[in-house]
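Chemist: This is the structure I have questions about; it appears just below.
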Amino acid sequence: MTEQSIHTPNPDVYPLESSRLTGDATAQDIESIRKRTSVFVYEWPVRLWHWVNALCITVLIATGWLIADPLPTMTFAEATHQFVMGYVRFAHFAAAQILTIGFFGRIYWAIVGNHHARQLFYVPILNKRWWREVVFEIKWYLFLEREPKKYVGHNPLAQIAMFFFMTLGITFMIITGWALYAEGAQAGSLSHNVMGWLIGWVGNTQFLHSVHHLGMWFIVIFMIVHIYAAIREDILSRQSMVSTMISGTRTFKDDRPD
Amino acid sequence: MVATPNGFDLDTSGQRIVVDPVTRIEGHMRCEVNVDENGIIRNAVSTGTMWRGLEVILKGRDPRDAWAFTERICGVCTGTHALTSVRAVEDALGITIPDNANSIRNIMQLNLQIHDHIVHFYHLHALDWVNPVNALRADPKATSELQQMVSPSHPLSSPGYFRDVQNRLKQFVESGQLGIFKNGYWDNPAYKLPPEADLMATTHYLEALDLQKEIVKIHTIFGGKNPHPNWLVGGVPCPINVHSTGAVGAINMERLNLVSSIIDKCIEFNKNVYLPDVVAIGGFYKNWLYGGGLSSQACLAYGDIPEHPNDFSAEQLHLPRGAIINGDLSVVHDVDVRDPEQVQEFVDHSWYEYAEPGLGLHPWDGVTQPKYELGPNAKGTRTNIQQLDEAAKYSWIKAPRWKGHAMEVGPLARYVVGYAKGHEDIKNQVDGLLRTMDLPLTAIFSTLGRTAARALESEYCGRLQKHFFDKLVTNIKNGDESTANVAKWDPSTWPKEAMGVGMTEAPRGALGHWIRIKDGRIENYQCVVPTTWNGSPRDTQGNIGAFEASLMNTKMERPEEPVEILRTLHSFDPCLACSTHVMSPDGQELTTVKVR
Amino acid sequence: MSQIETFYEVMRKQGITRRSFMKYCSLTASALGLGPAFVPQIAHAMETKPRTPVIWVNGLECTCCSESFIRGAHPLAKDVVLSMISLDYSETLMAAAGHHAEAALEETIEKYKGNYILAVEGNPPLNEDGMFCIVGGKPFVEQLKHAAQHAKAVISWGACASYGCVQAAKPNPTQATPVHKVITDKPIIKVPGCPPIAEVMTGVITYMLTFDRLPELDRQGRPAMFYGQRIHDKCYRRPHFDAGQFVEHWDDENARKGFCLYKMGCKGPTTYNACSTVRWNEGTSFPIQSGHGCIGCSEDGFWDQGSFYNRVTDLTQFGIEANADKVGMTAAGVVGAGVAAHAAVSALRAAQRKTQDKKEEA
């Protein structure tokens, strides 16, 4: 029985072999690619989270910077009626709360969402093939490979970056950030009940300020790499990048198998 | 019997007495003496028994922070190290301070002198002369009469007042819980005061305890707290705003009034209580003129309290600068702390080692390598010392020398130098006191003289404090409200390398900090502090230090009860946390540095 | 009649009535889970209990804690020493010296086993067998352990005893060690600060005497009543912080108006102490009020958090010159430059390939 299709199925060829063997592509993905040049990867909560998260991080970096190094003094009202630093801190805390809720939502979606929603939260270090593909990707970025491979979700290198910079990075910023917030909220507050232990453990919270500030730079570095890589891969790779995070669909530019 | 080059005969044959811990001082100290069969001290050994290594810790830090570190050298003479430190940094970087900052710094430094002298006399020293237990036998009415006689203008003098104090004391003593008076030497014949004088002095012990917390509020106003007020390189941190909005955040009229009222309180107390007490108590001990030590031989003062900002020339300092050696009061030598030949430190008898023995190093070239070891004749073990061997290393204090001479520093040294220089205020004070007490000039070279000089200085500093307060107000009136010079606040404005020295007269004597800055960081930092001078061990030549010299030939009433030893050691107001300092381990590099 | 000034007498002197005293006794009884029948017993104990003996030892320190203690205004230091406690050993204040002083220590320990408070000023150095601080010919750490053995509780006065303070700042050449790392089997109350505020010191002691229990401690072992909040939380200049009005330079117009000292490196936002509420020296002022920022002297390791005048402080782990911004900017700069170079090479390669492909097609 032959199905109506614009493609010519080729049962001898296994599409997306690397992607499948590193655990990136699922059986459904393979089936899909046999029929279409695109795969549906990111469900709407993942996409929404991505953009909300990006926005929050932008706000947090800008306001965080201004908390560490405030705007020049301005006096347009009596101190009681003027709230410049207050608004900056408000924006920081508000964005931080959204980011935190979003991150928990994202974790929830990793559990209930599709296969690709989980990729952010682990690194398949036991998968030998995955390591081979990491090496391949490094070679690609070092211009030692002529052509990149196809990946449905994150390429192995991106997965490492995502895990360390985003999953661990944001976790670190949430923990240290909430501990610092607990200082202002004071003993008895929810944040202090949850995060006060860190204040006691660190001792001098000036240190906490310093590492939280350093964490910001960690995220900034990720942003530089992430945005560059996304645009570069959108142009040079064999699949869509930026639009995927908008539509959720990964389209491939050719029909070669891997 | 060994004769030291500075004129003392040491005899170690008699009974050895150990006092450790020496109490009512700052820090940790040990003293050992040999007494002959007549109870006379024939050999004295003083040992600093702590070491903290602050100068090692300062290496690599921001020079603008150094004041806070060095201030923590001592919490009793709090602030004086900080002042010395900011002066050293300002000297290195060529920073000038505004006139108001000079006045405020002087007021704070003078305030410290007064506070420190009063607390020292009443709370650290008085129990060497005053017997609070004997005060229970006093007649309050007779005490009241005594009080009115020695100080007619002191308001607290009624019989009822003294009776209340006596009752409280009685209740305290009879409780059986003697607290700080426990195991005191209260039946020792060395105590000479009649019960009424004991009660009066004990009462003043309590009055002074109440007053001293008032005195320091000047530090609190200008520096935010005491102990350990805050200072600033380039001036003082407190802004002045006496005219306009926001004045509550700055030195305003209310703050100035508070300062002024405290200055008046200091002057009152000095006049009504402190000086009369010293005269009255001293009158009963006129025949106890031991403890002169080096004071008649070798005295050193750096001078302090500059009338004009940024000018440390000797002639415009209110506390005198100069050195006296060989007991010749007719010549006052110039002191230049930058001169590598003048101030040198020796470690042959200190728990440190130099590359070669017998070496004396100027602070710029200083080396410190701790080396804790006991001499072959020491008794006990490494961690349980029974008796030290002074022929070997025996103290955490180095031995600083001025042109090779062991020197005494402190209020008496300042007053001897000032007297020899013909300093008008000092001469008048000393002559007046000696006349009142009917004593010859030579009497000041004694334990009592040291104690009296401190009281005189407190009185003089009270007047100076008033002078600088008036100067501050006049300057503000003339429109100058500036308190800090921030032109060179930013390290980017500093030279790549710089070196400087700061000097003050701390309550206990001449204090110097030497700093070397490289690439905006402290490369080396050295302090030579008053108790290093006074408490120094023997040097290479065998000269004994001021503590040791002052104990020599003192008669002890009961050798097993160290009243006389404490009396004389306390007269220096020892500060051991200050004295036990350290040079950076790689200070050797500095040997090529020329002092400018 | 007993001449010992008892707890009851002390309370009466503090202005507490007989009625309040009995009420206090019944509250104590219920707090201890005892029935009303025990109230008279407690009252009896309070009326006859001698003043609590305090042994005050000094290690490596600068005596600023003792100095601060005698600055106490309410209660006055003299009242504390004469009527509230029995200061049986204090090298700074006691009359006796040498072995007479040591005997006073021994007698107190022997007589009041388990009932005296050990107050520690300073800390023991552990290098050189402890001989960087010698008391009575022996290492201070021995005296400390000896005195702690039978103490009811230990008070760590100041930053030295609580955290190590200046002598423990890097590189800590003497290995100065805070008390709680040497004494591990006793309740320890940390009263940090360099020094602590006088009224906080006397407040902690009188709390223990009045309520006969240890104060509630926070996670770091400090009395929550004085160290529960940051200086920043109660700072009278806080409105200027929220308004974004800062002192930009020392002695500028803003300094004279009393604006916030945050940009001058004030550590009020990270310092837990009562300076902005209790204030110093009978409420006269506190550092921020006098125009200098807080240097954070009651915080663990405050000496090693970079300059007192920087907001973004040094990270000594990355070397002396590094702070978070310098480290971050350098890293971001390197990465940014790398990205730019990579982008350029990528573009070049892509162009090359296009020409090559064209050739192949041709």
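Chemist: Does the range B:179-198 contain at least one residue that is hydroxyl-bearing (Ser, Thr, Tyr), at pLDDT 95 or above and within 30 Å of residue C:237 (Cβ to Cβ)?
Modeler: So far as the range B:179-198 goes, no, none of its residues is hydroxyl-bearing (Ser, Thr, Tyr), at pLDDT 95 or above and within 30 Å of residue C:237 (Cβ to Cβ).
Chemist: A further question follows. If I filter the range B:75-98 down to residues being more than 7 Å from chain C (Cβ to nearest Cβ) and assigned to a loop (DSSP other than H, G, I, E, B), which single residue comes out as nearest to residue B:508 (Cα to Cα)?
Modeler: Narrowing the range B:75-98 to residues more than 7 Å from chain C (Cβ to nearest Cβ): B:77, B:79-98.
With the extra rule that they be assigned to a loop (DSSP other than H, G, I, E, B), the set shrinks to B:77, B:79, B:94-98.
On the way: B:77: 8, B:79: 13, B:94: 28, B:95: 27, B:96: 27, B:97: 26, B:98: 27 Å.
Here the answer is B:77.
Chemist: For the subset of the range B:39-74 comprising residues that are β-branched (Val, Ile, Thr) and part of a loop (DSSP other than H, G, I, E, B), which member is modelled with the lowest pLDDT? Even if it seems obvious, please write down each step before you answer.
Modeler: Here is the first cut: in the range B:39-74, the residues β-branched (Val, Ile, Thr) are B:40-41, B:45, B:47, B:49, B:56-57, B:70, B:73.
Filter once more, so that each one left must be part of a loop (DSSP other than H, G, I, E, B): B:49, B:73.
Numbers: B:49: 89, B:73: 92.
Ranking the candidates gives B:49 first.
Chemist: Here is a follow-up. Looking only at the range B:311-345, filter to residues that are open to solvent by 20 Å² or more (accessible area, probe 1.4 Å) and part of a strand (DSSP E or B); which one of those is nearest to residue B:538 (Cα to Cα)?
Modeler: Residue satisfying both the conditions and the ranking: B:344.
Chemist: Taking residue B:547 as the residue in question, decide whether it is of a type in the set (Phe, Trp, Tyr), open to solvent by less than 10 Å² (accessible area, probe 1.4 Å), in the same structural domain as residue B:37 (by TED's automatic domain parsing) and part of a loop (DSSP other than H, G, I, E, B).
Modeler: Criteria not met by residue B:547.
Chemist: From A:100, A:58, A:75, A:63, grab the single residue that is among the hydroxyl-bearing types (Ser, Thr, Tyr), open to solvent by 40 Å² or more (accessible area, probe 1.4 Å), part of a helix (DSSP H, G or I) and farther than 29 Å from residue A:253 by Cα.
Modeler: A:58
Chemist: When the range B:38-53 is examined, which residues are found to be open to solvent by 20 Å² or more (accessible area, probe 1.4 Å) and of a type outside the set (D, E, K, R)?
Modeler: Once the filter is applied, which keeps residues that are open to solvent by 20 Å² or more (accessible area, probe 1.4 Å) and of a type outside the set (D, E, K, R), the range B:38-53 yields B:38, B:40.
Matching residues to (1) over 17 Å from residue C:258 (Cα atoms); (2) surrounded by fewer than 24 Cβ atoms within 10 Å (Cβ to Cβ); (3) more than 9 Å from chain C (Cβ to nearest Cβ):
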{"residue": "B:181", "(1), (2), (3)": "yes, yes, no"}
{"residue": "B:196", "(1), (2), (3)": "yes, yes, yes"}
{"residue": "B:204", "(1), (2), (3)": "yes, no, yes"}
{"residue": "B:210", "(1), (2), (3)": "yes, yes, no"}
{"residue": "B:227", "(1), (2), (3)": "yes, no, no"}
{"residue": "B:233", "(1), (2), (3)": "yes, no, yes"}
{"residue": "B:256", "(1), (2), (3)": "no, yes, yes"}
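Chemist: Say we look at the range C:47-82 and pick out the residues that are more than 8 Å from chain B (Cβ to nearest Cβ) and among the polar types (S, T, N, Q); which of these is surrounded by the most Cβ atoms within 10 Å (Cβ to Cβ)?
Modeler: Within the range C:47-82, the match that is surrounded by the most Cβ atoms within 10 Å (Cβ to Cβ) is C:52.
Chemist: If you go through the range C:157-191 one residue at a time, how many are outside any helix (DSSP H, G or I) and of a type in the set (Phe, Trp, Tyr)?
Modeler: Residues that pass the stated criteria total 1.
Chemist: If you scan the range B:456-507, which residues turn out to be in contact with an Asp or Glu (Cβ under 7 Å, 6 or more places away or on another chain), more than 14 Å from chain C (Cβ to nearest Cβ) and of a type in the set (Gly, Ala, Ser)?
Modeler: B:500, B:502
Chemist: Continuing with the same structure: I'm trying to understand the selection: among the residues of the range B:368-390, which are within 29 Å of residue B:512 (Cα to Cα) and either outside any loop (DSSP other than H, G, I, E, B) or open to solvent by 20 Å² or more (accessible area, probe 1.4 Å) (or both)?
Modeler: Our first condition is that a residue be within 29 Å of residue B:512 (Cα to Cα); within the range B:368-390, this holds for B:368-373, B:390.
Hits for the range B:368-390 are B:369, B:370, B:371, B:373, B:390.
Chemist: Determine the pairs where a residue that is under 22 Å from residue A:209 (Cα atoms) and within 8 Å of chain B (Cβ to nearest Cβ), located within the range C:263-286, has a partner that is among the hydrophobic types (A, V, I, L, M, F, W, C) and buried (at least 23 other Cβ atoms within 10 Å of the Cβ) with Cβ atoms under 8 Å apart, the partner being 6 or more residues away or on another chain.
Modeler: Hits for this filter: C:275/C:197; C:275/C:231; C:275/C:286; C:275/C:288; C:275/C:294.
Chemist: Sticking with this structure for a sec: Can you find even one residue in the range C:344-362 that is within 12 Å of chain A (Cβ to nearest Cβ), open to solvent by 10 Å² or more (accessible area, probe 1.4 Å) and part of a loop (DSSP other than H, G, I, E, B)?
Modeler: No, there is no match, as no residue in the range C:344-362 is within 12 Å of chain A (Cβ to nearest Cβ), open to solvent by 10 Å² or more (accessible area, probe 1.4 Å) and part of a loop (DSSP other than H, G, I, E, B).
Chemist: So, in the range B:258-310, exactly how many residues are open to solvent by 30 Å² or more (accessible area, probe 1.4 Å), among the hydrophobic types (A, V, I, L, M, F, W, C) and closer than 24 Å to residue B:115 by Cβ?
Modeler: Residues meeting the conditions: 4.
Chemist: Consider only pairs whose beta carbons are under 9 Å apart and that are at least six residues apart or on different chains; among these, list those whose first residue lies in the range A:12-23 and is modelled with pLDDT of 85 or more and whose second residue is hydroxyl-bearing (Ser, Thr, Tyr).
Modeler: What qualifies is A:16/A:151; A:18/A:151; A:19/A:151; A:20/A:14; A:20/A:26; A:22/A:151.
Chemist: Looking at the range C:152-184, which of the residues that are free of Cβ contacts under 8 Å to residues at least 24 places away in the same chain and within 20 Å of residue A:200 (Cα to Cα) is least open to solvent (accessible area, probe 1.4 Å)? Write out each step before concluding.
Modeler: Taking the range C:152-184 and keeping what is free of Cβ contacts under 8 Å to residues at least 24 places away in the same chain, we get C:171-172, C:181, C:184.
In the following step, the residues that additionally are within 20 Å of residue A:200 (Cα to Cα) were identified as C:181, C:184.
On the way: C:181: 135, C:184: 113 Å².
Looking at the filtered set, the residue picked out is C:184.
Chemist: From the list A:178, A:197, A:201, which residue is part of a helix (DSSP H, G or I), closer than 26 Å to residue C:297 by Cα, open to solvent by 50 Å² or more (accessible area, probe 1.4 Å) and more than 10 Å from chain C (Cβ to nearest Cβ)?
Modeler: A:178
Chemist: Still on this structure: Write out, first by first residue and then by second, each pair whose Cβ atoms fall under 9 Å of each other, whose residues are 6+ apart or on separate chains, and whose first residue, in the range C:233-259, is within 10 Å of chain B (Cβ to nearest Cβ) and open to solvent by 30 Å² or more (accessible area, probe 1.4 Å) while the second is part of a strand (DSSP E or B) and of a type in the set (Phe, Trp, Tyr).
Modeler: Listed pairs, sorted by first residue: C:240/C:246.
Chemist: From the set of residues in the range C:104-151 that are in contact (Cβ under 8 Å) with a residue 60 or more places away in the chain and among the small types (Gly, Ala, Ser), which is surrounded by the fewest Cβ atoms within 10 Å (Cβ to Cβ)?
Modeler: Selected residue: C:147.
Chemist: Of the numbered conditions (1) open to solvent by 30 Å² or more (accessible area, probe 1.4 Å); (2) in contact with a strand residue (DSSP E or B) (Cβ under 8 Å, 6 or more places away or on another chain); (3) within 7 Å of another protein chain (Cβ to nearest Cβ), residue A:183 fails exactly one; give the number of that condition.
Modeler: (1)
Chemist: Ok, one more. Restricting to the range C:161-188, and then to whatever is hydrophobic (A, V, I, L, M, F, W, C), within 14 Å of the chain's Cα centre (by Cα) and at the interface with another protein chain (Cβ under 9 Å from one of its Cβ atoms), can you tell me which residue is nearest to residue B:578 (Cα to Cα)?
Modeler: Taking the range C:161-188 as the starting set, the residues that turn out to be hydrophobic (A, V, I, L, M, F, W, C) are C:161, C:165-166, C:168-169, C:176, C:179, C:182-183, C:188.
Still in the running and within 14 Å of the chain's Cα centre (by Cα): C:161, C:165-166, C:179, C:188.
Remaining after also requiring at the interface with another protein chain (Cβ under 9 Å from one of its Cβ atoms): C:165-166.
Working: C:165: 16, C:166: 13 Å.
Selected residue: C:166.
Chemist: What tally of residues in the range C:195-232 results from selecting those that are within 14 Å of another protein chain (Cβ to nearest Cβ), basic (Lys, Arg) and either out of contact with any strand residue (DSSP E or B) (no Cβ under 6 Å at 6 or more places or on another chain) or farther than 12 Å from residue C:275 by Cβ (or both)?
Modeler: 2
Chemist: In addition: Need the failing condition index for residue A:217 against (1) open to solvent by less than 60 Å² (accessible area, probe 1.4 Å); (2) more than 8 Å from chain C (Cβ to nearest Cβ); (3) free of Cβ contacts under 8 Å to residues at least 40 places away in the same chain, just the number.
Modeler: For residue A:217, the failing item is (2).
Chemist: Taking the range A:78-97 as the search range and keeping residues that are open to solvent by 70 Å² or more (accessible area, probe 1.4 Å) and in a helix (DSSP H, G or I), which one is nearest to the other protein chains (Cβ to nearest Cβ)?
Modeler: Step by step, filter the range A:78-97, then rank; the result is A:80.
Chemist: A follow-up question, please. Out of all the residues in the range A:18-55, which are assigned to a helix (DSSP H, G or I) and in contact with an Asp or Glu (Cβ under 6 Å, 6 or more places away or on another chain)?
Modeler: Of everything in the range A:18-55, just one residue is assigned to a helix (DSSP H, G or I) and in contact with an Asp or Glu (Cβ under 6 Å, 6 or more places away or on another chain), namely A:18.
The values are calculated or read from the model by the stated rules, or taken from the named source; none is laboratory data. This is a predicted model, so every value here is computed, not measured. Cβ: placed from backbone, ideal geometry, glycine included. Neighbour counts: every protein chain shown. We work out accessible area using only protein heavy atoms, side chains counted, and drop any ligands, DNA or RNA first. Shrake-Rupley method; radii C 1.70, N 1.55, O 1.52, S 1.80 Å.
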